[in-house]
Amino acid sequence: MKYIQRKNAHGLETVDQCETLKEARYLLNEYRLTDTYAEYYISSRATRDWRESQKDNNE
């Protein structure tokens with residue numbers, strides 16, 4: 001699983017998850033085009049908040 005991270009002056013957050021690196025690269029470009037105020041990158045780990053929200057959704 002690959003995760004799209006958004007980093008700005010307010011902190012770090014996971015904004016999306018992808019099954020493949022190809023999909024992650026595509027989404028990364030989309031996020032970068034639409035939001036130039038933050039830094040976006042691909043990570044192999046999600047933030048704690050993301051993991052907890054996904055766990056809550058699966059219950």
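Brief remarks on what is shown
- Projected label distance in nm at TYR26 and ARG45, using a 7 Å step from Cα toward the beta-carbon: 2.8 nm
- Percent accessible area from carbon and sulfur atoms, the chain, protein chains only, probe 1.4 Å: 45 percent
- The charge dipole of the chain, taken about the Cα centre with unit charges on the Cβ atoms of Lys, Arg (+1) and Asp, Glu (-1), comes to about 280 debye, rounded to the nearest 20.
- In order along segment 2-10, phi translates into HN-Hα couplings of 10, 10, 9, 9, 10, 10, 8, 5, 8 Hz, rounded to whole numbers, per the Karplus curve 6.51 cos²θ - 1.76 cosθ + 1.60 with θ = phi - 60° and x for Gly and Pro.
- The residues of the chain present an accessible area of 78 Å² per residue when probed at 1.4 Å with all protein chains retained.
- Cα-Cα separations in the chain greater than 15 Å, expressed as whole percent: 48 percent
- Rounded to the nearest 10 degrees, the inclination of helix 21-34 to the longest alpha-carbon principal axis of the chain is 60 degrees.
- With a cut-off of 9 Å between beta carbons, the residues surrounding ILE42 carry a summed charge of +2, where Lys and Arg count +1 and Asp and Glu -1.
- Where GluC sites (Glu not before Pro) fall in DSSP loop in segment 2-34, at most 10 other Cβ within 10 Å: GLU19
The values are calculated or read from the model by the stated rules, or taken from the named source; none is laboratory data. Computed from a predicted structure; not experimentally measured. Positions of Cβ are generated from backbone atoms using ideal geometry, with glycine treated the same way; all protein chains shown enter the neighbour counts. For the accessible areas, the whole protein counts, side chains as well, though only heavy atoms, and no ligand, DNA or RNA atoms are used. Shrake-Rupley method; radii C 1.70, N 1.55, O 1.52, S 1.80 Å.
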